[in-house]
Amino acid sequence: MYIQSLQPTTINTTSYLNIVAEKMEKLTIKVVNVQGMIAKKLTTQVTQGIQELDINLSDLANGNYILNAFNQDGFLKSFRFKKL
């Protein structure tokens with residue numbers, strides 16, 4: 001699995017992960033605040049192919065965060081974003 005990007009990186013409610021998956025896999029997303037605490041954790045099944053995964057981040061407080069993505073093999077990618 002390959003994660004191309006997180007769009008947009010300045011977020012009000014929803015952001016999108018652009019994903020390329022070679023097979024159906026479980027994806028775990030952990031959103032960490034600047035203090036290093038997990039602010040949100042999501043787990044979803046990703047199907048094979050190119051797709052855009054909607055992530056609802058409206059429940060986060062305003063601030064700076066890091067989104068970390070994992071599959072069953074381990075860490076995939078990290079993105080910084082700002083919640084307004």
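Which trypsin sites (Lys or Arg not before Pro) in the range 1-50 sit in a loop by DSSP (not H, G, I, E or B) and have at most 14 other Cβ atoms within 10 Å of their own Cβ? Sites meeting the loop and neighbour criteria: Lys23. Solvent-accessible area per residue in the range 9-68 equals 59 Å², computed with a 1.4 angstrom probe and all protein chains kept. Other residues with beta-carbon under 12 Å from the beta-carbon of Thr43 carry, at +1 per Lys or Arg and -1 per Asp or Glu, a net charge of +3. Can you give the net charge of the other residues whose Cβ lies under 13 Å from the Cβ of Leu60, counting K and R as +1 and D and E as -1? Once positives and negatives cancel, what remains is +4. All Cα-Cα distances of the chain, cut into 10 Å bins from zero to the largest, leave 18, 55, 24, 3 percent in each bin in turn. Each residue of the range 25-30 was assigned a 3J(HN,Hα) from its phi angle through the Karplus expression (A = 6.51, B = -1.76, C = 1.60, θ = phi - 60°), giving 9, 8, 10, 10, 10, 10 Hz with x at Gly and Pro.
Counting protein heavy atoms only, the chain has 48 percent of its accessible area on carbon and sulfur, 1.4 angstrom probe. Using the Cβ of Met1 as centre and a radius below 15 Å, the other residues enclosed give a net charge of -1, where K and R count +1 and D and E count -1.
Ranked by solvent-accessible area (1.4 Å probe, protein heavy atoms only, all chains present), the residues Val34, Val20 order from largest to smallest as Val34, Val20. Sequence-ordered 3J(HN,Hα) estimates for the range 42-52 from the Karplus curve with 6.51, -1.76 and 1.60 and θ = phi - 60° stand at 10, 10, 8, 8, 10, 7, 5, x, 8, 8, 10 Hz, glycine and proline given as x.
The values are calculated or read from the model by the stated rules, or taken from the named source; none is laboratory data. Model, not experiment: these values are computed from the prediction. Neighbour counts are summed over all protein chains in view; Cβ atoms, including those assigned to glycine, are modelled from backbone coordinates with ideal geometry. When the accessible area is computed, the model is the full protein with side chains, heavy atoms only, and any ligands, DNA or RNA have been set aside. Shrake-Rupley method; radii C 1.70, N 1.55, O 1.52, S 1.80 Å.
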